[in-house]
Amino acid sequence: MINIAGVISIILFYVLILAVGIWAGRKKPAGNDSEEEVMLAGRSIGLFVGIFTMTATWVGGGYINGTAEAIYTSGLVWCQAPFGYALSLVFGGIFFANPMRKQGYVTMLDPLQDSFGSRMGGLLFLPALCGEVFWAAGILAALGATLAVIIDMDHRTSVIFSACVAVFYTLFGGLYSVAYTDVIQLFCIFLGLWMCIPFAWANPHVKPLGSMEVDWIGSIDSNYYWFYADYGLLLIFGGIPWQVYFQRVLSSKTAGRAQILSYVAAIGCIFMAIPPVLIGAIAKATAWNETNFHGDLTPDGELTSDQTSMILPLVLQHLTPDFVSFFGLGAVSAAVMSSADSSVLSASSMFARNVYKLIFRQNASEMEIIWVMRVSILVVGVLSTVMALTIPSIYGLWSMCSDLVYVILFPQLLMVVHFKHYCNTYGSLAAYIVALLVRLSGGEKLLGLPALIHYPGWDAENEVQLFPFRTMAMVMSLFTLAFISWLSVFLFNSGYLSPESDYFNCVVNIPEDIRRVDEPSEAGEQMSVLGGVPGRLYGAASTLVGPDERSGRINPALETDDDDLDDPNDGPTPLFGGSSAPPPVQPFGKQTAF
């Protein structure tokens with residue numbers, strides 16, 4: 001029988017979020033439907049809203065449910081996501097937020113297309129798109145399963161309803177709606193979960209967490225050290241090249257503020273993980289066979305593997321009073337909405353700008369791009385919903401895509417942001433292929449994909465690669481990108497290959513026609529798009545650009561950044577093929593495994 005109180009809770013929270021989303025969408029200046037206004041909220045996100053929306057980059061439905069599940073199944077030491085994603089925000093702030101925001105990019109793929117050409121950028125769009133779509137589908141599916149168990153609502157109804165609400169306000173207000181609803185959603189998550197913890201902890205069926213009978217800390221077997229490190233690095237560096245992160249970075253008012261928001265959000269990630277950690281520990285200390293839970297249990301009285309993904313809502317339902325679980329269920333639903341809306345907007349933004357505009361319709365008007373983006377929001381929303389309802393292994397698909405983001409996109413983004421004069425399209429394509437083949441060779445158990453290569457430490461019983469092959473694939477991709485780029489320049493410049501063989505027009509066979517950079521926007525940051533050229537120049541100067549600039553860009557400081565963390569005496573970085581001396585090499589640091 002449907003839990004009427006639970007249904008009312010979900011509806012009230014959804015109405016609140018929908019109302020805030022529509023109100024936030026009205027903050028967009030009337031008649032201003034530019035790319036930056038819709039995709040990046042006019043780069044006007046303030047400090048308060050910025051902190052919340054940056055924290056919501058990772059704190060969502062998958063984050064809180066996955067954290068509670070990891071504590072219950074494996075213990076605190078295996079709950080890597082909070083610390084991994086917090087460090088990814090720190091490293092993203094140190095090495096990527098400032099240069100990306102200073103250049104006035106609109107999406108994460110812009111620097112990749114700028115250096116490697118629009119078509120190679122379109123190829124790099126595929127893992128980014130799949131990651132966003134599968135992530136949205138995965139959390140919608142999790143929400144449907146949760147509500148089906150907790151309030152006995154048909155999972156198809158809950159998935160479709162949730163997706164419709166998220167798509168509607170995202171369609172209406174773009175990033176304005178996403179950012180302001182993030183504030184409400186994080187408040188709902190924090191207050192809703194903290195309200196439930198005292199009641200769950202005080203439940204008579206819960207043993208003391210300090211009891212020797214309750215092991216919620218866990219341990220790491222010596223055979224799994226490299227496996228543990230591999231997933232840790234995957235979370236840290238694989239958590240950087242996501243459009244959901246960079247849409248927040250690029251929407252900040254200044255580059256310095258983008259860095260500050262990243263650092264504060266890292267603290268927020270740890271802080272927001274405390275409630276689900278405690279809920280997972282409480283679930284571990286619960287004698288479930290003594291509660292009113294009627295599902296299947298193991299001989300030891302613990303939940304089965306099919307139910308552990310719903311640890312958090314099960315605690316809310318069976319260990320807290322009805323009026324408390326009322327708020328907790330709303331918090332869980334709000335968390336899912338927080339994740340779904342930003343992923344839909346991210347995928348749509350990248351498609352409208354980096355595929356439709358930069359590949360097929362270079363001369364498209366702003367209004368045309370906005371309409372393409374709106375249609376894309378609908379398509380991505382429908383696609384995620386259909387996948388959530390029809391694909392049983394949706395989490396496996398997302399897990400594979402998050403691996404591909406790590407092994408393919410991270411090394412390429414690192415190179416184009418910091419070492420762009422050492423890489424070109426030949427290296428990019430070779431690195432893409434190497435990373436893809438090495439990752440696929442390791443197999444994926446969740447998808448039934450067999451391991452083609454059994455790396456050292458192969459666990460045949462559990463079909464798990466204990467060797468850090470994901471990180472190996474990323475390092476090989478990075479090396480391949482740099483080496484093949486150098487080799488191509490050497491072969492062409494030494495005469496071993498004729499200029500006509502420069503198929504990608506990025507080494508010696510540079511088009512000789514003069515290209516004019518569009519006038520910058522009033523804010524000095526609107527990126528100009530040049531039709532039919534391998535590279536893109538971003539509107540900071542209205543100059544004539546000849547072949548010497550090759551596929552790079554000339555972009556002096558776009559704005560005075562009062563809180564910029566960089567040295568104000570630093571000049572613009574010359575690009576691959578430019579006449580200035582190379583800049584000093586910047587250091588760089590060392591999804592999901594809940």
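The values are calculated or read from the model by the stated rules, or taken from the named source; none is laboratory data. In this text, all values refer to a predicted model and were calculated from it rather than measured experimentally. Cβ atoms come from the backbone with ideal geometry, glycine included; neighbour counts cover every protein chain shown. Please note that ligands, DNA and RNA were not included when accessible areas were found on the heavy atoms of the full protein model with its side chains. Shrake-Rupley method; radii C 1.70, N 1.55, O 1.52, S 1.80 Å.
Segment S365..V382, full-extension length gain: 3.5 nm, with 0.36 nm per residue of separation and the alpha-carbon distance subtracted. If you sort the three axes of the alpha carbon gyration tensor as a ≥ b ≥ c, you get a/c of 1.5 or more for the stretch 279-428 and a/b above b/c, which makes it prolate.
With a ≥ b ≥ c the root eigenvalues of the C-alpha gyration tensor of the stretch 446-493, is it rounded (a/c under 1.5), prolate (a/b larger than b/c) or oblate? Prolate is the answer for the stretch 446-493, as a/c is 1.5 or above and a/b outweighs b/c.
Output the peptides 355-362, 396-403, 375-382 sorted from most to least packed, where packing is the average of other Cβ atoms within 10 Å over each peptide's residues. Intermediate results must be reported in sequence, preceding the final value.
Numbers: 355-362: 18.0, 396-403: 21.9, 375-382: 19.5.
So the peptides 355-362, 396-403, 375-382, ranked by packing, come out 396-403, 375-382, 355-362.
When the residues W58, W226, W201 are ordered by accessible surface, computed with a 1.4 Å probe over the protein chains alone, the sequence from largest down reads W226, W201, W58.
Can you tell me the FRET efficiency between I270 and L487 if r is taken as the Cβ-Cβ distance and R0 is 51 Å, rounded to the nearest 0.05? According to the calculation, E is roughly 0.70. Straightening the chain between D300 and F83 buys 75.0 nm, computed as 0.36 nm per residue apart minus the Cα-Cα spacing.
For the stretch 426-442, the residues whose backbone nitrogen is under 19 Å from a point 7 Å from the Cα of F479, taken along Cα to Cβ, are 427-442.
Once neighbouring chains are kept in place and the probe is 1.4 Å, which whole percent of the accessible area of the stretch 25-175 is contributed by carbon and sulfur? Spell out each step's value before the answer.
Numbers: 2770 of 4090 Å².
Carbon and sulfur atoms account for 68 percent of the accessible area of the stretch 25-175.
FRET efficiency for the pair L447 and L123, taken as 1/(1 + (r/R0)^6) with r the Cβ-Cβ distance and R0 = 22 Å, rounds to 0.50.
Pop the C-beta distance of E500 and T157 into the FRET formula with R0 = 41 Å and round what comes out to the nearest 0.05. Working from the Cβ atoms, E equals 0.10. For the stretch 199-256, the share of accessible area belonging to carbon and sulfur comes to 62 percent (1.4 Å probe, ligands and nucleic acids excluded). Computing the accessible area with a 1.4 Å probe over protein heavy atoms, can you report the carbon and sulfur percentage for the stretch 442-512? That fraction is 65 percent.
Report, in listed order, any pair from K253/K420; K357/K420; K28/K253; K207/K284; K102/K253 with a Cα-Cα distance greater than 19 Å. Don't skip to the answer; put the middle values down first.
Numbers: K253/K420 25 Å; K357/K420 23 Å; K28/K253 15 Å; K207/K284 9 Å; K102/K253 10 Å.
Those over the limit are K253/K420; K357/K420.
Please say if the stretch 353-480 is rounded, prolate or oblate, where rounded means a/c under 1.5 for a ≥ b ≥ c the square roots of the C-alpha gyration tensor eigenvalues, and otherwise the choice is prolate for a/b larger than b/c and oblate otherwise? In terms of gyration-tensor shape, oblate.
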